[in-house]
Amino acid sequence: MKPLRILLACIAGLALAFAAPVRAQEKITIAAAAELQITLDEIVVQFKKTYPLDSVAVTYGASDKLYNDIRQGAPFDMYFSANIMLARTLAASGFSGSGVKPYAIGRLVLWSTSRNASALTLQDLADPSIRTIALANPRQGPYGKIAEQALRATGLWEELEPKLVYADSVAQSALAVRSGQADVGLISWTLAIEQKLAAKGPYRLIDDKLHQPLKQGYMITQRAAGSALAHQFADFMDSPDARAVMVRHGFVLLGEKPGN
């Protein structure tokens, strides 16, 4: 029996010697555009099936605000922006630990809880019965900027400006409509199809020829350039599982056309 015990001990020792090294538990914190909340939360759940011991925390907010936070030293390891130019500007200023990668193109919709938005046009917003229109502040929110572009392209901006109610983010503009503070909202398609909002009212896609394409992108920040977990999460965003979640939540992936 003794030789057998020695043999088994040798085999166990060899197994340990050739085993792959175990990576230490890691944590990353992501700064992400507010409209990504439900989508990215689901992607994180999918990701953690492969990396259950690691921690992925996400802070959501207006892309412009998160951009400024990163410039001022906020401890974020990744940045998902509803406006890819913000991420590219950070990268050009030395704040990136990776390239900037596009993840989708944002679409704008009309949405309301008090009327059938699917039958509305932008011109209908001039109707006196519509007293307030919510949108993200064009000076800081990407969706607010393309909403302004669409209204200017149709010659409605000056006429509708007295009705406009500005929110800090597209998610806040949706909340203004949902709570009754605004009659109609110009919000993201991704928010309009989420269960809680879709149950409150239909939406109408705005012609994307009326505004500049809203390309969205993400990057690893400089502080996380050496983080294996950050790079693994970035790679996961290209996986079929992550892409399926994005499409299901209304994101238009580059090279693909949206449904209706």
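Using the structure shown, decide if Gly141 is closer than 23 Å to Leu253 by Cβ and surrounded by 22 or more Cβ atoms within 10 Å (Cβ to Cβ). So that I can check it myself, show each step before the final result.
Numbers: closer than 23 Å to Leu253 by Cβ: yes; surrounded by 22 or more Cβ atoms within 10 Å (Cβ to Cβ): yes.
When the stated conditions are applied, Gly141 passes them.
State which residue pairs qualify: first residue in the same structural domain as Ala74 (by TED's automatic domain parsing) and inside segment 51-63, second residue of a type in the set (Phe, Trp, Tyr) and modelled with pLDDT of 90 or more in any location, beta carbons under 7 Å apart, and separation of 6 or more residues or different chains.
So the pair list comes out as Val56/Phe47; Val56/Phe233.
A quick yes/no check of all residues on (1) modelled with pLDDT of 95 or more; (2) assigned to a loop (DSSP other than H, G, I, E, B); (3) of a type outside the set (Phe, Trp, Tyr):
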| position | (1), (2), (3) |
| --- | --- |
| Gln140 | no, yes, yes |
| Tyr143 | no, no, no |
| Ile146 | yes, no, yes |
| Leu151 | yes, no, yes |
| Pro162 | yes, no, yes |
| Tyr166 | yes, no, no |
| Ala171 | no, no, yes |
| Ile187 | yes, no, yes |
| Thr190 | no, no, yes |
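Leu122 passes all but one of (1) crowded, with 22+ Cβ neighbours inside 10 Å; (2) under 26 Å from Ala198 (Cβ atoms); which number fails?
Of everything listed in (1) crowded, with 22+ Cβ neighbours inside 10 Å; (2) under 26 Å from Ala198 (Cβ atoms), Leu122 misses just condition (1).
Which one of these does Arg115 not meet: (1) out of contact with any helix residue (DSSP H, G or I) (no Cβ under 6 Å at 6 or more places or on another chain); (2) under 26 Å from Gly250 (Cβ atoms); (3) assigned to a helix (DSSP H, G or I)?
(3)
Anything in segment 63-86 that is in a helix (DSSP H, G or I), surrounded by 22 or more Cβ atoms within 10 Å (Cβ to Cβ) and either out of contact with any helix residue (DSSP H, G or I) (no Cβ under 8 Å at 6 or more places or on another chain) or among the charged types (D, E, K, R) (or both)? List them, or say none.
Correct list: Asp64, Leu66, Ile84.
Looking at Ala234, Ala198, Ala176 in this structure, which one is modelled with pLDDT of 90 or more, under 19 Å from Gln37 (Cα atoms) and either under 19 Å from the mean Cα position of the chain (by Cα) or of a type outside the set (A, V, I, L, M) (or both)? Walk me through it before giving the result.
On the way: Ala198 fails: modelled with pLDDT of 90 or more; Ala176 fails: either under 19 Å from the mean Cα position of the chain (by Cα) or of a type outside the set (A, V, I, L, M) (or both).
Within the list Ala234, Ala198, Ala176, the selection yields Ala234.
Scan (1) over 17 Å from the mean Cα position of the chain (by Cα); (2) in a loop (DSSP other than H, G, I, E, B); (3) in contact (Cβ under 8 Å) with a residue 60 or more places away in the chain for the single condition Ala182 breaks and write down its number.
Checking Ala182 against (1) over 17 Å from the mean Cα position of the chain (by Cα); (2) in a loop (DSSP other than H, G, I, E, B); (3) in contact (Cβ under 8 Å) with a residue 60 or more places away in the chain, the one that fails is (3).
Mind checking whether some residue in segment 216-231 is closer than 15 Å to Leu110 by Cα and aromatic (Phe, Trp, Tyr)?
So far as segment 216-231 goes, no, none of its residues is closer than 15 Å to Leu110 by Cα and aromatic (Phe, Trp, Tyr).
The values are calculated or read from the model by the stated rules, or taken from the named source; none is laboratory data. It should be emphasised that the depicted structure is a prediction, and the values quoted were computed from it without experimental measurement. Please note: Cβ atoms are built from the backbone with ideal geometry, for glycine as well, and neighbour counts cover all protein chains shown.
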